[in-house]
Amino acid sequence: MTKYKGHIILISLCLLVSLFVLLVSSTYNSPPTPGTICGTYISDEGIYQKIFSVDQPSADQSNAFYYADQQNDYYILGQIQPQGEDSYLLSCQDSNNADIIPDQEFTYDGKGFSITIQDQPFSFQKVDNEPCIIGDIERYS
């Protein structure tokens, strides 16, 4: 009988540990994975470099983006909303910036994306999984 009781205790303990691991893994908010759009993207080099950063989704499930073009003194804040699998809608927070970055839909391939800026297409490649904001966040509008 004691051998049987020992097996029941061992099985019960294993089940409790498994349940605990499942609970922790389902509630842990992990950082963005390489397959998500969150992160920092770069287009061009040197003084022509443009930086596009995407933050974690907010409560409304849209992502904030920060666009920095230091050569032209552009610091733009906006939203990216998922439209479907790998498809996103980009829009600026300030409608006055629509001349620079118009509202547009783009496709993310897991490594980068292309968007139109001042009527020219630019390809952005992911360089980090964390967003990088250039300068004071108050400059972005």
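The values are calculated or read from the model by the stated rules, or taken from the named source; none is laboratory data. Since the model is a prediction, treat every value here as computed from it, not as a measurement. Glycine also receives a Cβ, built like all others from the backbone with ideal geometry; neighbour counts cover every protein chain displayed. Keep in mind that these areas ignore ligands, DNA and RNA; they rest on the heavy atoms of the full protein, side chains included. Shrake-Rupley method; radii C 1.70, N 1.55, O 1.52, S 1.80 Å.
Using the alpha-carbon centroid of each, what span in Å lies between region 65-95 and region 118-134?
10
Under a 1.4 angstrom probe, counting protein chains only, how are LEU77, LEU90 ranked by accessible area, largest first?
Highest to lowest solvent-accessible surface, that is LEU77, LEU90.
Taking K and R as +1 and D and E as -1, what net charge do the other residues with C-beta under 13 Å from the C-beta of ILE117 add up to?
Summing Lys and Arg as +1 and Asp and Glu as -1 gives -4.
How charged is the neighbourhood of ILE51? Take every other residue with its Cβ under 11 Å from the Cβ of ILE51, and add Lys/Arg as +1 and Asp/Glu as -1.
-2
What residues qualify as long-range amide H neighbours of GLY112, i.e. H under 5 Å apart, gap of 5 or more or another chain, H built at 1.01 Å from N?
Under 5 Å from the amide H of GLY112 lie the amide H atoms of LYS126, each far enough along the sequence or on another chain.
For labels at ASP44 and ASP73 in the simple 7 Å Cα→Cβ model, what's the distance in nm?
1.6
Which net charge results when you count Lys and Arg as +1 and Asp and Glu as -1 among the other residues whose beta-carbon is under 15 Å from that of ASN72?
-3
Per residue, how much space in cubic angstrom lies within the convex hull of the C-alpha atoms of region 55-116?
96
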